[in-house]
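Encoded as structure tokens, the structure appears first; notes follow it.
Rule-based calculations on the coordinates, nothing more; no lab input. Computed from a prediction, not measured in an experiment: that's the story for all the values here. Ideal geometry is used to build each Cβ from the backbone, glycine not excepted, and the neighbour counts take in all protein chains shown.
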Amino acid sequence: MELKDRIRYIFFDADDTLWENERYFRAAEEKFAALLSEYTSPEGLQQTLWQKQEDNIPLYGYGSKTYMIGMADAAMELCGGTLPEHIYYGIKDIIKNLAFHELEIIDGVVETLEALQGRYTLIVATKGDLPEQMGKFRTSGLAKYFHHCEVMENKDEKNWLELIAKHDIKPDELLMVGNSVKSDIAPVVGIGGWAIHTPHDIVWVHEMMDMPESDKIIEVKEITEILKYLI
Ligand SMILES: [Mg+2]
């Protein structure tokens, strides 16, 4: 049976699949490095920041608020245990710009969703901070194409199984489209679903993973290419 005859539900990742995201985090890190330039080199700072982010994600989840805690923790350590006022407020300012910027929809997304709408049930599956992700979904202009938006705590196999149970979806009728092998591709194929990888040129270190071997994974270069498998 062809993919288009099996699939009923298409889930789309949001950040760096529907709209640009990671580039804003990289820009925030550059500003953070400038803020702390008298204390450390950009490389040393990056290492400390990554470690602090990894420590905080299990406790506080994903999103810019967790990023702010990680930056404050990194700055505290690099400043020798006291956080100067201008550094703290500098971090707050960086995070405010990170959390509230105009969304930039990725090329090809609108025509892809227009072509798929009505043929499949389309759902956004993102992870992160609830108000932040819902805010992006509502202001994106893309909400009209989707049945709804799921903000997941994480995107591991357990979370995916809970999600499809909630909507009474069978794995074989589920297709996930996303840029992260670790969050969007591997766990969905792991529970018996299908996945299309739409790569983005910037990948967050936390999301890096080799592509698993599976005949249920399709790799494309541009999001519009998914239409040749689905229409
Ligand atoms: Mg993504």
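Please determine whether any residue of segment 130-149 is buried (at least 19 other Cβ atoms within 10 Å of the Cβ), among the acidic types (D, E) and within 16 Å of the ligand (Cβ to nearest atom). No, that holds for no residue.
Count of segment 80-101 residues, restricted to those that are more than 20 Å from V151 (Cα to Cα) and assigned to a loop (DSSP other than H, G, I, E, B), is 5.
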